[in-house]
1. Quickly run through the stretch 151-165 and pick out the residues that are more than 15 Å from Leu95 (Cα to Cα) and modelled with pLDDT under 90.
2. Glu144 - would you say it is part of a strand (DSSP E or B), touching a Lys or Arg at 6+ places or on another chain (Cβ under 7 Å) and not small (Gly, Ala, Ser)?
3. Across the stretch 77-102, what is the number of residues that are open to solvent by less than 50 Å² (accessible area, probe 1.4 Å) and not in a strand (DSSP E or B)?
4. Does Tyr126 qualify as being at pLDDT 90 or above, more than 16 Å from Tyr74 (Cα to Cα) and among the aromatic types (Phe, Trp, Tyr)?
5. Given the criterion surrounded by 12 or more Cβ atoms within 10 Å (Cβ to Cβ), at pLDDT 85 or above, in contact with a helix residue (DSSP H, G or I) (Cβ under 9 Å, 6 or more places away or on another chain) and part of a loop (DSSP other than H, G, I, E, B), identify the matching residue among Leu105, Leu112.
6. Output the qualifying pairs, or none if there are none: Cβ atoms under 6 angstrom, residues six or more apart or on different chains, first residue in the stretch 158-172 and open to solvent by 40 Å² or more (accessible area, probe 1.4 Å), second residue small (Gly, Ala, Ser).
Amino acid sequence: RDWTSDVCSSDLNEKITPIETADGIKIGIPGVATYTFRKDNSKYVKGDLNNDKKTDLVIWADMTEAQGYENKKYFLFLQGKDGYQYVGEFKADELVRDNCRKDDLDRGIFNLDSISGGLLIGNTDYKGNHESSYLNFSYRCATEKYKLDLATKEFKIVYQSDLLKKNDKTGLYEKVVK
């Protein structure tokens, strides 16, 4: 497994302090679990996600699902008065599911690059209906931006660059003409 989990018995409103070790970042999520995010398969991005002028934290890790395939998962923490507060977690493919439906694509994976202006900013690789491999992505959006709705704890897309398709002959991405 790519992550470790031990159950905690903490109060849900407790503040969180990530502990950086030689192997990774260890975070106890109150009432849920303690996760150790290993440096070799995880990454963290800091920035102001809710426009309160405090540095928030998003950690992504490649998690192995019950079906045996890896899935990128994001863990979201907002900076509070005494430390980070766990807001929730979401899968990278669930974030872009509506985009897939809109463009008639099978699956997408959002790749977080930065947090700026209250937005998650990254790119997304999409899988069309013709790819033979589960991990073969032939479509891409170079830039997508998502805003957090604190009331629902859901992300809404606020910007999406042109959908590009990989040219099978040249290997370059070209704008999709609809």
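1. At the first step, the residues of the stretch 151-165 found to be more than 15 Å from Leu95 (Cα to Cα) are 151, 161-165.
Ala151 - this is the single residue of the stretch 151-165 that is more than 15 Å from Leu95 (Cα to Cα) and modelled with pLDDT under 90.
2. Working: part of a strand (DSSP E or B): yes; touching a Lys or Arg at 6+ places or on another chain (Cβ under 7 Å): no; not small (Gly, Ala, Ser): yes.
Judged against the criteria, Glu144 is not a match.
3. The total comes to 8.
4. Numbers: at pLDDT 90 or above: yes; more than 16 Å from Tyr74 (Cα to Cα): yes; among the aromatic types (Phe, Trp, Tyr): yes.
For Tyr126, the condition - at pLDDT 90 or above, more than 16 Å from Tyr74 (Cα to Cα) and among the aromatic types (Phe, Trp, Tyr) - is met.
5. Leu105
6. These pairs meet every condition: Lys166/Ser138.
The values are calculated or read from the model by the stated rules, or taken from the named source; none is laboratory data. What you see is a predicted model; the values in this text were computed from it and never measured. As a convention, Cβ positions derive from the backbone with ideal geometry for all residues, glycine included, and neighbour counts pool all protein chains shown. We work out accessible area using only protein heavy atoms, side chains counted, and drop any ligands, DNA or RNA first. Shrake-Rupley method; radii C 1.70, N 1.55, O 1.52, S 1.80 Å.
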